[in-house]
Every structure is written in C-alpha cells, then in structure tokens.
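Comments concern the structure below.
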Amino acid sequence: MAKSKDAVGRRRFLKRAAASAAGATSLVAAIPGLGTDDAAASASVPSRPIASNGVIPVPTPAQLARDAGAVAPPSIPPRTVVRPGSDLIVDALKSVGIQFVMANPGSSFEGLQESIINYGMHDIEYITALHEESAVAAAHGYAKAEGRPMATLLHGVIGVQHAAMAIYNAYVDRVPIVMIAGLDYDGPVAAHNAIDMAALVRGFTKWDAQPRSLSEAIAAVQRAYKIAITPPTAPVLLTLTAEIQKEETAGRDVAVPAFSRPTMQAADYLATKRIAAALINAQNPRINVGRLRTPDGVKLVVELVELVGAQAGSSATSGPMSFPMSHPLRGDGVVGVPVDFTLTLDVVANARGVDESGAGRRASTNSGLASASIQGPPLLATNFNVNTRRSGSNTPNDLDIEADAEASLPGLIEEIKKQLTADKRRLIAERTKKSETAHSEQRAREWADSIELARRGWNGSPIALGRLHAELWPLLKDEDLCCSAPANFTGGHATRLFPMDRPYSYLGSQGAGGMGYGAPASVGAGLAAKKAGNGRIVVNIQCDGDLNYAPGVLWTMAHHKLPVLTVMHNNRAWHQELMFMQFMAGVRNRGTDRMSIGTTLKNPEIDYAKMAQAYGMYAEGPISDPKDLAPAYKRALEHVKRGEPALVDVLTQPR
Ligand SMILES: Cc1ncc(C[n+]2csc(CCOP(=O)(O)OP(=O)(O)O)c2C)c(N)n1
C-alpha cells in the first residue's frame, strides 16, 4: 500500500515531537526557540503567571516583534492540497440529498470531516455526537421522522464497534442510514485498521463496500444511498480510506455524476387490475396500512382509502408513516357488515409473525379475491446472515405481491378511477357516510377508554404515567407534534391520548429492543423538526434507564438547539428487568425482597435536571407532586418554542 504524503509527514512530525519531548524537561524546552534559558528574552518581557508545571512560557524577542507587527510573518508554505478527494465525497453526499452528517470525531475520517465542515458547509450540517451509538440512533430517529436517510461517520474499528447495537436496532426496524467508516492504514493507531471493516457489522447491514479509488468511492456513495432507500430499507456501510479522502484531484478529470433516483418495484399491471376490481366490487373493503416508506406514501394511501370508501386499519400507534388515526375512515367499519376484501399494505409481522393491524381472511368478493397484500421484500431476501425472523406478514392472502406498496399506489389509484362507474361512486359515497358515523362513535369510545386509563392514580406520588401524559395534552393539542420515544415502557398513554395523524407523529420502538435509543432518536427527530421550520415540537417521554446508556445526547440537543421537550419517566429503575427478577425469585420461592439489586437506580439517586443543566439545557425537577407538572411543562415549553431543548424530571410510578 503506497503511503500518502500526508501520512508520511504526520509520522515524521510525531517522531520529531516525541524525540524532542523525550529529551526535554518541559514543553517550553521541547519547542525550538522557546526556553527558560533565554535570559535576554526573559528580561525583556513583562512578568506572566507561572503555569502549573512551574514553567513560564516566555516568547522570544523575535516572536514579540512579529506580534507587534514590526517584522513580516514568515512566509506560509502554499496549500499542498487544492481539491481533496473528500470534497468530491461531499459532492456525492450532496447529490443524493444528504442534509445531516453526525459523528464523534476520529482521525480515520479527518479528511472527510474537514471537507464537510469547510467545503460542504452550506449544504450539509455537521452534527456532533458524543458516542457513535448515539449518532446511528439519531440517524434512526431522523429516518423514521423524514422517510429518508442521513449519514453518520464512524471511526475505524472502535467507532463501528460502538455503533453496532444502534445499527442492529435500525436494521431490524428497516430504517435506511448511510454510514461511512474511516480507514487509515498510516494512522497513528494500527488497531483502528481492519482488512474487512464491515465484517464487524455485516450480519445486520444490508450492503457494504470498500472502494479502491475515488471514482469508485463516489459511485459507492450513490449506490449506498440507493440500496439503503430501496425496500427492504436498511443501514448500509461504506469504508473510506484516508488516502481516498486526502488525495489531490486538482487537474484530474473526476466528477460526481448526476444522481438518478432508483425506481421502486411496483405491483404489475394485471395484479393491480385485480386489486382495483376487488376494492370496487367489495361491499365492505378494508385496507390495512402498515409503515409506508415516505410521507408521500401516506398521502397516496389516504387518497386510495377515500377513493373506494374503504375502512382503514392503521399502524400509527406502532410507528411512523401510517394511516392517520383521526381520519374519519380509520376504524372497524359498520358493526354487523362483514368485510369481504382486505388489502394489506406494508404491514410488518411482529416477532411472533402476527401482523399488527388486525388483518385477516374474510369472505371473498364477487371479483374472486378475499385478500391481497403488497409488501416490500423481506431482508432475508437480500442478506442471509441475519439474526432476525422479522419479515413480511405471515398471513397468507389470495394474492401476495412482493413489491413496494408506495410505488404501487399511483397505478392502483389510476386503475380504480378508470374502472369506477357512476353507480359504484354512489355506493362508495353511501358506505363512506355509514363508516364515518360508525367511526366517530368508535373514536368517542376509544377516547373515553384512554381518559379512563389516564385517570388511574391521578393524585398519586410518585406520579402516575397517565397523569404525566394527561397534563401535557392541553399544552400540546394544537401543536405540530412528534412523539419520538417508544411508548411501550411509558404505559402507552402517548399513542392513546395524542392523535397520531401525521407521518411523523409517533416514531415507534427501538426495532431490536436495544436500550439507549429513545434519547438519541429524539435528536434525529429534533433535526427533522428544526429543518421543517414550522414550529414542530418533539416530545420525548424518556425512560431513565434508557437515557443512562449515552446521556451525552443532551449536550447534542443543547448545542444544536433542537426543539425537544424531554419528560423523564424517572422510576429510578430498569423496571422491566426488576419485574423479570421478581418473577424469577417468585417461581423459585425465595422471596423478592432483594430483587432491587442490580435493577434499580437508587443510592445515590440521579438528578436529571442537574444532569441536563450540566449539558447546557434548561431543566426542572425532580417533580413528585402532580400539581407541579403543568406549570413546569409550561416553563419548559417556552424554551422549546424558542427552539431550544428542555427537560422536566418527573418521579414516576414504575409503569
Ligand atoms: C442494550 C440493552 N441492554 C439491556 C437490555 C435489557 N433491558 C430490557 S428492558 C430494560 C430496562 C429499561 O429500563 P428503562 O429504560 O428505565 O425502562 P423501565 O423498564 O424502567 O420502564 C433493560 C435493561 C436491553 N434491552 N438493551
């Protein structure tokens, strides 16, 4: 491997510095021209405070003369690199539309970092991470809020290792992320190099590449993006050598080609015609909507449901990009009228292989189909080295189409419009009316149940999770809201009380259940909210155990001024595990008294308000009297509405 000029220069510098430092008694002595034995210089300068090592850092007369402008500064050698390769990598990232790159610094990608910060500064924002896992988890949250990937940079080997769990979460959650790992063969630490960097995470990335030249690297960035956003969407990893990042390209004919966006595979024409006919001819069709790829897909599916007056099932309480919960056609239809055709769109089976939308086979329509699905291919189809069974719906349908639902919708809508007769339009208008009435009653029942659940333990202290949420609702009901953290550990109140009506209203769970996700995902959601620029507020109901894996994200929120309200669900425990331990001790009949060992965060108790303040964020708490919640929320929200994060620490019931 040929050594780059930079690397050779850097090694020489390090050697020289090490040699002089070894023979010197102080830093001053190690730097030529600076020394305490320079009596003349010492005598001619005013006295200065003595550094802690006892050495006075005295400038030489020549330096003083230069400072005073008496002599011209030494001539600066001309820039040696005019158009580094990493500038073109920035152009490639721009060509695919990357807007944010998040990283914790590492010399293996210093060339690219410098290019992003200086050369790419008007197009790409550099977000500072305090941990690589947080960078990838933030990208995970961003992709779910936006339906598109951002990029992360990872230091060779160790940064990739730190990121591994977050990559796995994103992979299982089918979330696209473009990750770039640096590789510097001539770097200062040989242990940060790997012959096959991606091997560390290959089991849970969709694709990886280690380009051998700049042209290959440019093509690989565009390829990486395409592969990440094409179903099955997933994280991809590019390993970029320092040589490619730093090579001089001035005078060379390398350029970034225009990016051609990938076309997604849509359902074929015959299948589309059959589904259109089934939707039109059914007496009572149902469309179950899972997670579509982008907000455009959500718009299209709303159009489809309204066009045929179907009843719609939504996964919006499980994650983003689904059918709006408050839409008049979301619900179970008119009681007593059987569903005779079900179309399922991108509904992902849960770990047990049961789809989450209540889909099921029913009687068939007079077009011969009882059920159909359009579902992107499972990751199993692209990567055999997977540790997850999660894939498409396990319920067999009469017609199962392996294609992108979002890309299939325009054709389906067009075909339905072609097939619709005036008679059918009248029938559809009638059933739409009936469904809307039935659904508004259903909605009233659901709302009453949610309020009833939220009332439990209303005046209790520690504070009940229902009240923690209910006090937020009046303050947030008119806001453009994004709930960024998983709701399953916080009683599920958020998804019952707050209407999940926008593609990003609720971002869902960790994917693979890896903790240390909620807080960084909120950073990604915060970036999307800030970029939207319309006052969107991110609400992060934050479990204490989850925050403590990488609390440095609080600094990232403060530093980048993200509109995130963090409300601590501070039950001073990893309560899920405490319950498991209690069960274990119970079945062994040994008593549960000691099960708080290793499962609680007590003695000392963590002060999250102080923690957030230390990271530069407005914070209050701990709050144990529920009457104090609303005023504290109001004060915190004033900060969030000004575009800054804030945290309210609430002492809560376990669940
Ligand atoms: C990285 C990781 N380590 C350990 C676990 C095991 N685990 C599952 S739930 C849980 C407790 C989470 O505590 P917290 O986030 O405070 O939520 P709580 O259970 O208290 O509601 C733990 C540690 C995990 N899922 N992920």
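The values are calculated or read from the model by the stated rules, or taken from the named source; none is laboratory data. For clarity, every value in this text was computed on a predicted model and none was experimentally measured. Using ideal geometry, Cβ is built from the backbone for each residue, glycine included, and neighbour counts are taken over all protein chains shown.
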Subset of the stretch 298-317 (residues that are closer than 26 Å to LEU497 by Cβ and crowded, with 22+ Cβ neighbours inside 10 Å)
VAL298, VAL301, VAL305, GLN311, ALA312, GLY313, SER314, SER315, ALA316
Output yes when any residue across the stretch 224-231 is within 22 Å of the chain's Cα centre (by Cα) and in a strand (DSSP E or B), and no when none is.
no
Go through GLY526, GLY518, GLY513 for me and flag whichever is within 16 Å of the ligand (Cβ to nearest atom) and touching a strand residue (DSSP E or B) at 6+ places or on another chain (Cβ under 6 Å).
GLY518
Among the residues of the stretch 602-653 satisfying the criterion of being aliphatic (A, V, I, L, M), crowded, with 16+ Cβ neighbours inside 10 Å and without any contact (Cβ under 8 Å) to a residue 60 or more places away in the chain, which is farthest from LEU465 (Cα to Cα)?
ALA612
Condition met for ASN571 (within 16 Å of the ligand (Cβ to nearest atom) and surrounded by fewer than 19 Cβ atoms within 10 Å (Cβ to Cβ)):
no
Those residues of the stretch 131-169 which are assigned to a loop (DSSP other than H, G, I, E, B), surrounded by 24 or more Cβ atoms within 10 Å (Cβ to Cβ) and among the hydrophobic types (A, V, I, L, M, F, W, C), in sequence order:
MET150
What is the one condition in (1) within 16 Å of the ligand (Cβ to nearest atom); (2) farther than 25 Å from VAL553 by Cβ; (3) in contact with a helix residue (DSSP H, G or I) (Cβ under 7 Å, 6 or more places away or on another chain); (4) not hydrophobic (A, V, I, L, M, F, W, C) that GLY591 does not satisfy?
(1)
When you go through (1) assigned to a helix (DSSP H, G or I); (2) surrounded by 23 or more Cβ atoms within 10 Å (Cβ to Cβ) one by one for TYR504, which number turns out not to apply?
(1)
Given the residues ARG496, ARG445, which is the only one that is of a type in the set (D, E, K, R) and either outside any helix (DSSP H, G or I) or surrounded by 14 or more Cβ atoms within 10 Å (Cβ to Cβ) (or both)?
ARG496
Is there any pair linking a residue in the stretch 454-466 that is crowded, with 19+ Cβ neighbours inside 10 Å and among the β-branched types (Val, Ile, Thr) to one that is at pLDDT 95 or above and not in a loop (DSSP other than H, G, I, E, B), with Cβ under 9 Å and at least six apart or on different chains, and which?
ILE463/ILE623; ILE463/PRO626; ILE463/LEU629; ILE463/VAL650; ILE463/LEU651; ILE463/THR652
Might you let me know whether the stretch 159-178 holds any residue that is farther than 30 Å from ARG291 by Cα, of a type outside the set (Lys, Arg) and either over 14 Å from the mean Cα position of the chain (by Cα) or modelled with pLDDT of 95 or more (or both)?
yes
Of a type in the set (Val, Ile, Thr), surrounded by fewer than 20 Cβ atoms within 10 Å (Cβ to Cβ) and within 16 Å of the ligand (Cβ to nearest atom), is that true of THR566?
no
With respect to ALA558, determine if the residue is away from the ligand (no atom under 16 Å from the Cβ), more than 27 Å from HIS469 (Cβ to Cβ), in a helix (DSSP H, G or I) and at pLDDT 95 or above.
no
Residues (of a type in the set (S, T, N, Q) and in contact (Cβ under 8 Å) with a residue 12 or more places away in the chain) located in the stretch 246-265
THR249, THR263, GLN265
Across the stretch 529-555, which residue is nearest to TYR504 (Cα to Cα) among those that are within 16 Å of the ligand (Cβ to nearest atom) and touching a Pro at 6+ places or on another chain (Cβ under 7 Å)?
VAL553
I'd like the full set of residues that are surrounded by fewer than 24 Cβ atoms within 10 Å (Cβ to Cβ), in a loop (DSSP other than H, G, I, E, B) and not β-branched (Val, Ile, Thr), limited to the stretch 320-349.
PRO324, MET325, SER326, HIS327, PRO328, LEU329, GLY331, ASP332, GLY333, GLY336, PRO338, ASP340
